[in-house]
Amino acid sequence: MIKSIFFTLITLVFFYIIWINNIFAPHERYEMPAQYAKIAEDVKSYAKEGKQLFEQNCQACHSVRYDGVYISSVQANPKLQTLQEKYGKVLPRDVYESVFYEDLMGLKESFGKVPPDLSTIYLVKGKEYLYAFTLEPQKVLPGTSMPPVMTGRPEETAKIVAYLKSVAEPSPEEKSKRVLMGVGTIAYLIVMGVLLWIYKGRLLKRMGLH
């Protein structure tokens, strides 16, 4: 029993370090004025305008596949509509990358690598980093191939961040499903752990070791 508790605690500490407070990952802090942080958080008011700004300034290189927004050359390709009729707005990644391989490789030739899809970038980097990097990419990451298209446009940049936040967040229905799935998984593991502990005790008793 003591070994089981010790193993459980070690597992919890491990996942806390990896998922919640990774002490091995860099923890840079980026400044974001309060008025722009408020805009970036207000998805309801600014996400729609942020999407338009994204399409005007970022879509030439970046996609947001989870929202059905693809790089400009792909968006203009007649094949896209046909594929979306078959697969839906969000194309499977393997289909997208294979059908539009030449478009993606064209970006790689220009920038040295394919600019990343930004569907989940808000969850990974957070609003402060996205705001700082989009506004002044060379200051945050010297040598980056990201052009300074939003430099001097802090309010519009914050609205783009609001759009990326809206895409990264699942719908309330999806959130409920994830919570239910998480609770169910934890409950299953607890029940199975208890049953295995009871079975182990009975097995040891039969063998005369308990």
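The values are calculated or read from the model by the stated rules, or taken from the named source; none is laboratory data. Since we're looking at a predicted model, the values are computed, not measured. Neighbour counts run over all protein chains shown; Cβ positions are idealised from the backbone, glycine included.
Taking the criterion of being more than 20 Å from the chain's Cα centre (by Cα) and surrounded by 17 or more Cβ atoms within 10 Å (Cβ to Cβ), the only residue of segment 141-153 that qualifies is Met150. Going by the conditions given, is Gln84 of a type outside the set (D, E, K, R), part of a helix (DSSP H, G or I) and without any contact (Cβ under 8 Å) to a residue 12 or more places away in the chain? Considered against the rule, which asks whether it is of a type outside the set (D, E, K, R), part of a helix (DSSP H, G or I) and without any contact (Cβ under 8 Å) to a residue 12 or more places away in the chain, Gln84 comes out as no. The condition of being at pLDDT 95 or above, more than 18 Å from Pro147 (Cβ to Cβ) and in contact with a Lys or Arg (Cβ under 7 Å, 6 or more places away or on another chain) does not hold for Gly68. Looking only at residues of segment 90-104 that are surrounded by 11 or more Cβ atoms within 10 Å (Cβ to Cβ) and not acidic (Asp, Glu), we find that the one that is nearest to Cys61 (Cα to Cα) is Leu104.
The set of residues from segment 26-47 being part of a loop (DSSP other than H, G, I, E, B) and touching a helix residue (DSSP H, G or I) at 6+ places or on another chain (Cβ under 9 Å) comprises Glu28, Arg29, Tyr30, Glu31, Met32, Pro33, Asp42. Taking the conditions exactly as written (on the phi > 0 side of the Ramachandran plot and under 20 Å from the mean Cα position of the chain (by Cα)), does Gly68 satisfy them or not? Taking the combined requirement at face value, the residue satisfies it.
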